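So the structure is just underneath, and the comments pick up after that.
Every number here is computed from the coordinates shown, using simple stated rules; none is lab data. As the structure is a prediction and not an experimental result, all values here were calculated from the model. When we count neighbours, we look across all protein chains shown, and the Cβ atoms used for this are built from the backbone with ideal geometry, even at glycine.
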Amino acid sequence: MGRVRLYRVSSVVVRQRDLGEADRVLVLYTRERGKLAAVAKGIRRPRSKLAGSLQLFSHASIQLAAGRSLEVVTQARARDTFYELRTDMVRFAHASYAAELLDALTDQGMVDTVLFDLLLSTLAALDSGGDASAVIRGFEVKLLTRLGYGPELDECVSCGAEVEGRGQRFSVTQGGVLCAKCGPLGSGAHLSPAGLQALRELRHMDATAVSGKRLSASAREELARLMRAFVDSHLDRPLRSSAFLAQESLDSA
Ligand SMILES: [Zn+2]
């Protein structure tokens with residue numbers, strides 16, 4: 001046996017599955033190493049020391065042992081378990097969607113501290129009871145922008161003209177806004193001035209500020225539909241959590 005290499009990371013559990021009798025494989029998004037998979041041994045036993053700190057969405061400081069295929073969790077200390085978002089089905093569903101979307105759009109080992117902080121601040125905003133729909137729209141816009149997918153919100157994706165905020169449309173396939181001249185010629189979706197303004201603001205607001213922002217019912221519905229189509233265009237397959245959110249946004253409309 002060689003020496004086992006140990007290291008510490010700050011992490012959030014974004015996905016998990018049971019393994020064998022009492023173990024669990026965790027997909028962690030970490031500040032220092034990006035996304036990685038690790039085994040938490042014995043975590044499903046009643047007296048496991050890891051269980052409390054490594055629930056889905058928990059932010060924890062953990063120690064890992066480098067493994068051949070999977071890392072092994074050797075210690076975990078909870079920083080924040082985001083208790084409140086577990087008590088509310090709607091907030092939990094939004095957190096599930098954020099974690100699933102980040103997981104789907106990132107590869108293992110791609111380190112990005114901005115994305116780590118975005119995930120943490122989004123979970124914190126959902127936990128503290130902010131407007132879940134606004135928080136998630138902000139998460140989508142910032143995540144996709146950071147990954148280089150846009151959406152383009154300032155210049156027409158067809159002719160490059162500055163979009164003033166009147167008569168514009170939104171093209172999912174072209175990745176952003178169409179100006180008043182190009183809009184009617186293409187296949188863009190309706191995007192109201194208020195909806196465009198909200199998207200532009202969400203790009204730059206942190207999650208805490210976004211969570212205090214109340215979107216009007218019509219802007220909420222418009223942006224949910226539009227961002228859903230835009231996000232879907234960047235995914236290989238639909239997310240499990242998005243069906244629930246689509247139903248929820250219909251119910252609250
Ligand atoms: Zn144009």
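Assorted remarks:
- Relative contact order of region 169-253, taken over Cα pairs closer than 8 Å and 6 or more residues apart, is 28 percent.
- Under a Gaussian network description of the chain, with springs only between Cα atoms under 10 Å, the residue in Val141, Val12, Val72 that fluctuates furthest is Val72.
- Residues of type aspartates and glutamates that Lys49 reaches as a straight line, Cα spacing below 13 Å, ignoring anything fewer than 8 places off in the same chain: Asp23
- Global form of region 167-253, assessed from the alpha-carbon gyration tensor, a/c cut-off 1.5: oblate
- Highest mobility in the GNM of the chain, judged by mean-square fluctuation with C-alpha springs under 10 Å and restricted to Pro184, Pro151, Pro46, is found for Pro46.
- Prolate is the label for the chain. Its Cα gyration tensor axes, ordered a ≥ b ≥ c, give a/c of at least 1.5 and a/b above b/c.
- Euclidean distance between Cα centres, region 50-98 to region 1-49, Å: 9
- Loop-located trypsin sites (Lys or Arg not before Pro) in region 193-236 (DSSP state not H, G, I, E or B) with no more than 13 neighbouring Cβ atoms inside 10 Å: Arg214.
- Region 84-251: relative contact order in percent, alpha carbon pairs under 8 Å with at least 6 residues between: 26
- Prolate/oblate/rounded call for region 34-124, Cα gyration tensor, a/c under 1.5 rounded: oblate
- Under 23 Å from the Cα of Lys142 - lysines, other chains or at least 8 residues apart: Lys35, Lys213
- Exposed GluC sites (Glu not before Pro) absent - longest run of the chain, DSSP non-H/G/I/E/B, at most 13 other C-beta within 10 Å: 33-163
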